[in-house]
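Participant: I have a structure here, written as structure tokens, and I will follow up with some questions on it.
The values are calculated or read from the model by the stated rules, or taken from the named source; none is laboratory data. This structure is a prediction, so every number in the text was calculated from the model and none was measured. As a convention, Cβ positions derive from the backbone with ideal geometry for all residues, glycine included, and neighbour counts pool all protein chains shown. Surface areas here come from the heavy atoms of the whole protein model, side chains and all, with no ligands, DNA or RNA. Shrake-Rupley method; radii C 1.70, N 1.55, O 1.52, S 1.80 Å.
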Amino acid sequence: MGYLSGSNITTTSRPTFDINVSGSNTSITFSNGDSYSDKNYISSMCQDYTGSYSEVLIAGLGLGVIAQWFAVEKNCNVTIIENNSDLISTIEGFGYLHNNISIIEADIFTYNPSGYYDLGVMDIWYDCYNSTYYQETGSLKTRYSTSCNLVSIPYM
């Protein structure tokens, strides 16, 4: 998709995640077994975001492809909330994040936004079938409903 192109991403192994670069495909696998590849992620995750947004809050950094998509395709200012400092420093170190993207190291379940967002994307679950998923998504929708016009829980 080009959202990670032109960067110096390299295969990287850290205690809580591994990044694998194979040809034009980049993937990330977390220590709990969750993984995704940038090659198909955008087409499945962003297809429903057809509205006009200027300020977007995203829970979860991953490889940054959703944030890149919003910054590049929608020309949005994007704030990412991520609690893994090693992931933040690794992704920032690759140097490909758009200049409209800022990252705040915090836990999305306790973070208090200082601004208002057109859209809040809670992209922190890969196992949508576990019992805590529905409780967590409900609590986040309620928590962020006063600071986001729309709170979205992408489903893949």
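Participant: I'd like to know which of W69, V21, A59 lies farthest towards the positive end of the charge dipole of the chain, counting +1 on Cβ of Lys and Arg and -1 on Cβ of Asp and Glu.
Facilitator: My answer, from the dipole projection, is W69.
Participant: Continuing with the same structure: By average Cβ neighbour count within 10 Å, what is the ranking of 15-25, 78-88 from highest down?
Facilitator: Ranking, from highest mean packing down: 78-88, 15-25.
Participant: Normalised by the residues of region 1-98, what does the relative contact order come to in percent, with Cα pairs under 8 Å and at least six apart?
Facilitator: 25
Participant: Going through region 40-116, which chymotrypsin sites (Phe, Trp or Tyr not before Pro) have at most 14 other Cβ atoms within 10 Å and a DSSP loop state?
Facilitator: Hits after loop and neighbour filter: F109, Y116.
Participant: Okay, next question. Share of the chain's accessible area from carbon and sulfur, percent, 1.4 Å?
Facilitator: Taking all protein chains in place, the chain shows 44 percent carbon and sulfur surface.
Participant: How large is the dipole of the chain about the Cα centre if only Lys and Arg carry +1 and Asp and Glu carry -1, each at its Cβ, rounded to the nearest 20 debye?
Facilitator: Dipole of the chain, to the nearest 20 debye: 160 debye.
Participant: Divide by every residue of the chain the summed helix terms, -39500 (n - 2.57) for each DSSP H run of at least 4, and state the resulting mean residue ellipticity at 222 nm, rounded to the nearest 500 deg cm²/dmol.
Facilitator: Using -39500 (n - 2.57) per qualifying helix, the result is -8000 deg cm²/dmol.
Participant: Please work out how much length the chain gains when fully extended from N112 to S31, using 0.36 nm per residue of separation minus the C-alpha to C-alpha distance, in nm with one decimal.
Facilitator: 26.4 nm
Participant: Sticking with the crude label model, points 7 Å out along Cα→Cβ, report the distance from S43 to S145 in nm, one decimal please.
Facilitator: 3.6
Participant: Once the dipole of the chain is set up with Lys and Arg at +1 and Asp and Glu at -1 on Cβ about the Cα centre, which of S43, G120, S147 lies farthest towards its positive end?
Facilitator: Looking along the dipole axis, the top candidate is S43.
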